[in-house]
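Any read-out appearing in this document is the output of simple, stated calculations on the displayed coordinates, not a laboratory observation. These figures come from a predicted structure and were not determined experimentally. Here the Cβ positions follow ideal geometry from the backbone for every residue, glycine too, while neighbour counts run over all protein chains shown.
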Amino acid sequence: MSGGNQQITFLRSPRGLPVPEDFGAAEVDIPTPGAGQFLSRTIYLSLDPYYRNVMKNSQIYADRLAPGDVMVGETVAEIVESRHPEFKNGDVVAVRNGWQQYATSDGQGVRKIDPTLASVSTALGVLGMPGLTGYAGTVFLAQPLPGQTFVVSACTGPVGCTAGQVARHMGARVVGIAGSKEKCDYAVRELGFDACVDYREGDLRAQLKAACPNGIDAYFDNVGGATLEAVTLNLAMGARIVLCGMIEAYSMDTPPPGPWLGPLVGARATMKGLVVYDHMNRLPEMTRVIARWIHEGSFRWKEDISEGLDRAPEAFCRLMRGQNFGKSLVQIGAAPQS
Ligand SMILES: NC(=O)c1ccc[n+]([C@@H]2O[C@H](COP(=O)([O-])OP(=O)(O)OC[C@H]3O[C@@H](n4cnc5c(N)ncnc54)[C@H](OP(=O)(O)O)[C@@H]3O)[C@@H](O)[C@H]2O)c1
């Protein structure tokens, strides 16, 4: 058969927000499966925010796109011709066919879908990769306790709605953040969230303060940027933030101002606030350990000592200019003889 397989291709990396001209189109022959392969017909193509980063050829993803390549992506597809021992015609599978009507696969990474669980499209949403993201990030990282306030942004999407509803099932008080009144109404009415704030209404910090009077115990961040900032101004003691996605920045050509937290996601990093006074009971332990190292000669330090009280202002100014080298001290009186 000639043709019959429509494809959408990658043409160029978008500048800012993607436009249709960043994509191309092609029609090729429907491929024939080889031994150990199957041919499947795409039913649903998943559109995920991370594709925007793939289109930048971002290092975090294994996918690489050259102009003319079929756009990559997850799909739900029906097997129409199987030469693979573990898959038969009619099986519905989650497979990375990309943006095209037909593709062959050797079965690697392919998941059979149980159509009795829910509509097969959910394998790309709440019962697929986005759902797992929301579930795992909430259960294993955010860990909301019953009665705690859990906030999630992009709260009506597959990641956010899963995170929020999992937190609700864990007994948390759930507050969503979304970009319209319609989305917020849905979050409260259908998803069972306790409240939802619309950031497009302005002053998100104040809206969150009103919706979370006891502060935010856990925040599931899908957006980053100004939304994350507004949340950080409303944190409760011991709060946890799960950095999941930063969609606000995906279409920016250079990272937004302020510390760019994107690498934390790739590195699965954790950031924690430290206040020394919470650890005062460790002072005797620390003294014992470090004094022993000093005694053994395996611990060094440096002091930057100015002589005389009148030198204190200048020494302090040097410290604040970063011109001290070692612990900044002012010697005001004679040290006792040791
Ligand atoms: N870490 C991981 O492994 C992982 C895995 C999957 C997904 N993710 C991330 O999770 C996030 C949610 O993914 P999803 O698939 O569930 O997407 P989604 O919620 O269906 O769609 C993205 C939503 O982001 C919100 N948004 C806020 N600011 C935006 C902006 N400046 N531009 C565009 N959209 C903006 C919009 O909702 P509102 O109008 O409600 O704001 C939009 O509907 C994304 O950041 C994604 O990259 C991370």
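Which far-off residues, 5 or more places away or on another chain, put their amide H under 5 Å from the one on Ala236, with H placed in the peptide plane?
Correct list: Ile216, Asp217.
Restricting to Cα pairs below 8 Å that are 6+ residues apart, what does the relative contact order work out to for the stretch 192-314? Please round to a whole percent.
Normalised by residue count, the contact order of the stretch 192-314 is 16 percent.
Mind telling me which of Val175, Val159, Val80 comes out most flexible in a GNM of the chain, alpha-carbon contacts under 10 Å?
Maximum fluctuation in the GNM of the chain, among the listed residues, is at Val80.
Run the numbers on the stretch 123-167 and let me know its relative contact order in percent, using alpha-carbon pairs under 8 Å that are six or more apart.
Here the relative contact order equals 49 percent.
Which lysines, if any, have their Cα less than 29 Å from the Cα of Lys209, not counting same-chain residues under 8 positions apart?
Lys209 reaches Lys181, Lys183, Lys272.
Starting from the Cα of Leu117, step 7 Å toward the Cβ, then list every residue of the stretch 127-143 with an amide N under 12 Å from that point.
Output list for this probe position: 127-132.
Sum up the charges of everything whose Cβ sits under 15 Å from the Cβ of Ala136, counting Lys and Arg as +1 and Asp and Glu as -1, but leave Ala136 out.
Net charge around Ala136: +1.
Summing +1 for each Lys or Arg and -1 for each Asp or Glu, what net charge is found among the other residues whose Cβ lies under 14 Å from the Cβ of Gly171?
Here the count lands on 0.
Is there a quick way to get the dipole size of the stretch 278-331? I mean about its Cα centre, with the Cβ of Lys and Arg at +1 and of Asp and Glu at -1; what is the value in debye to the nearest 20?
The dipole of the stretch 278-331 has a size of about 180 debye.
Hey, in the GNM for the chain with a 10 angstrom Cα cutoff, which one of Leu274, Leu309, Leu243 fluctuates hardest?
Leu309
Would you be so kind as to identify which of Trp99, Ala167, Val19 lies farthest towards the positive end of the dipole of the chain, taking Lys and Arg as +1 and Asp and Glu as -1 on Cβ and the Cα centre as origin?
In the chain, that residue is Ala167.
Restricting to Cα pairs below 8 Å that are 6+ residues apart, what does the relative contact order work out to for the chain? Please round to a whole percent.
Relative CO of the chain lands at 11 percent.
Determine the shape class of the stretch 1-145: with a ≥ b ≥ c the square roots of the Cα gyration tensor eigenvalues, call it rounded for a/c under 1.5, and otherwise prolate if a/b is greater than b/c, oblate otherwise.
oblate
Check the cysteines of the chain one by one and keep only those with no other cysteine Cβ under 4.7 Å from their own.
Cys155, Cys161, Cys212, Cys244, Cys317, each lacking another Cys Cβ under 4.7 Å.
Between rounded, prolate and oblate, where does the stretch 129-273 land on the alpha carbon gyration tensor, with a ≥ b ≥ c its root eigenvalues, rounded for a/c under 1.5, else prolate if a/b exceeds b/c? List each step's numbers first, then the result.
On the way: a/c = 1.32, a/b = 1.19, b/c = 1.11.
Because its axes are fairly even, with a/c under 1.5, the stretch 129-273 counts as rounded.
Taking every DSSP beta bridge with both residues inside the chain, roughly what % is antiparallel (nearest 5)? Numbers along the way, then the final one.
Working: 26 of 48 bridges.
The antiparallel fraction comes to roughly 55 percent.
Which of Leu204, Trp260, Val242 sits farthest toward the positive end of the charge dipole of the stretch 129-273, with +1 on the Cβ of Lys and Arg and -1 on the Cβ of Asp and Glu?
Farthest towards the positive pole: Val242.
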